[in-house]
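Here's the structure we're looking at; comments come further down.
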Amino acid sequence: MNTIPRWTVASPDFKHLQSQLNRIFEPFARIAADEDFATGTWVPPVDVAETQATILVRAEVPGMKQDDIAIELENGILTIRGERKLEKNGDGTTWHRVERSYGNFVRSFTLPRTVDSERIAATYRDGVLEIEIPKKEEAKPKQIRIAVQ
């Protein structure tokens with residue numbers, strides 16, 4: 001009579017399976033609830049921060065040229081798209097492992113109505129794309145002084 005192997009959470013096979021599944025779904029876990037998930041072959045990690053004056057978006061896109069990245073703002077949605085191309089050397093190089101992601105990407109973020117879309121600025125340095133989105137003057141908190149009598 002054959003015995004059926006029992007899977008337990010502690011078994012090495014189960015842990016290996018869980019690790020493989022985590023690697024497959026990890027890029028999708030980074031997508032926040034306020035983002036539109038669009039088609040793309042990879043998802044660059046993005047940090048979003050806010051101060052009283054600005055919203056700051058930083059995206060890691062190493063190995064890309066500035067011309068391969070596009071930033072758009074339409075109907076309150078900031079979209080970053082681009083393509084990281086696989087370097088093809090004609091010198092007979094044989095790659096044994098390629099772990100970096102290549103291809104198209106699209107990231108979209110819904111911005112609040114309080115941003116000043118006319119003054120958005122973007123810089124790209126050391127593989128990090130930084131987008132500074134200023135807030136409108138009326139959106140910034142105002143301090144009201146109390147007069148002492």
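The values are calculated or read from the model by the stated rules, or taken from the named source; none is laboratory data. Just so you know, these numbers come straight off a predicted model, no measurement behind them. Every residue, glycine among them, receives a Cβ derived from its backbone with ideal geometry; neighbour counts consider all protein chains shown.
What residue, of Val98, Val115, Val48, is under 22 Å from the mean Cα position of the chain (by Cα), surrounded by 10 or more Cβ atoms within 10 Å (Cβ to Cβ) and under 30 Å from Arg23 (Cα atoms)? Before you say what the answer is, go through the steps one by one.
On the way: Val98 fails: surrounded by 10 or more Cβ atoms within 10 Å (Cβ to Cβ); Val115 fails: under 30 Å from Arg23 (Cα atoms).
Being under 22 Å from the mean Cα position of the chain (by Cα), surrounded by 10 or more Cβ atoms within 10 Å (Cβ to Cβ) and under 30 Å from Arg23 (Cα atoms) holds for just one of Val98, Val115, Val48, which is Val48.
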> Does Thr93 qualify as being farther than 22 Å from Leu73 by Cα and more than 20 Å from the chain's Cα centre (by Cα)?
Replying inline: yes
> Within the stretch 125-149, which residues are touching a residue at least 60 places away in the same chain (Cβ under 8 Å) and part of a strand (DSSP E or B)?
Replying inline: Val128, Leu129, Glu130, Ile131, Glu132, Ile133, Pro134, Lys135
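State whether one or more residues within the stretch 85-104 are within 27 Å of Glu50 (Cα to Cα) and out of contact with any Leu (no Cβ under 8 Å at 6 or more places or on another chain).
Taking the stretch 85-104 first, the residues within 27 Å of Glu50 (Cα to Cα) are none.
Among the residues of the stretch 85-104, not one is within 27 Å of Glu50 (Cα to Cα) and out of contact with any Leu (no Cβ under 8 Å at 6 or more places or on another chain), which makes the answer no.
Filter the stretch 126-146 down to the residues that are charged (D, E, K, R) and within 25 Å of Ile77 (Cβ to Cβ), then identify the one that is modelled with the lowest pLDDT. Spell out the reasoning first.
First, pick out the residues of the stretch 126-146 that are charged (D, E, K, R): 126, 130, 132, 135-138, 140, 142, 145.
Next, from what is left, pick out any that are within 25 Å of Ile77 (Cβ to Cβ): 130, 132, 135-138, 140.
Working: Glu130: 97, Glu132: 97, Lys135: 92, Lys136: 89, Glu137: 80, Glu138: 75, Lys140: 63.
The selected residue is Lys140.
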>> Being among the charged types (D, E, K, R) and under 29 Å from Ile24 (Cα atoms) is true for just one of Asp116, Asp91, Asp68. Which residue is that?
In response: Asp68
> Does Glu83 meet the test of being assigned to a strand (DSSP E or B), farther than 15 Å from Ala121 by Cα and free of Cβ contacts under 8 Å to residues at least 24 places away in the same chain?
Replying inline: yes
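Can you say whether Ser108 is of a type in the set (Ser, Thr, Tyr), outside any strand (DSSP E or B) and touching a residue at least 40 places away in the same chain (Cβ under 8 Å), as far as the supplied structure shows?
Details: of a type in the set (Ser, Thr, Tyr): yes; outside any strand (DSSP E or B): no; touching a residue at least 40 places away in the same chain (Cβ under 8 Å): yes.
Answer is no for this residue.
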>> Give me the residue from the stretch 58-114 that is farther than 27 Å from Ile133 by Cα and among the acidic types (Asp, Glu) and, out of that set, modelled with the highest pLDDT.
In response: Glu99
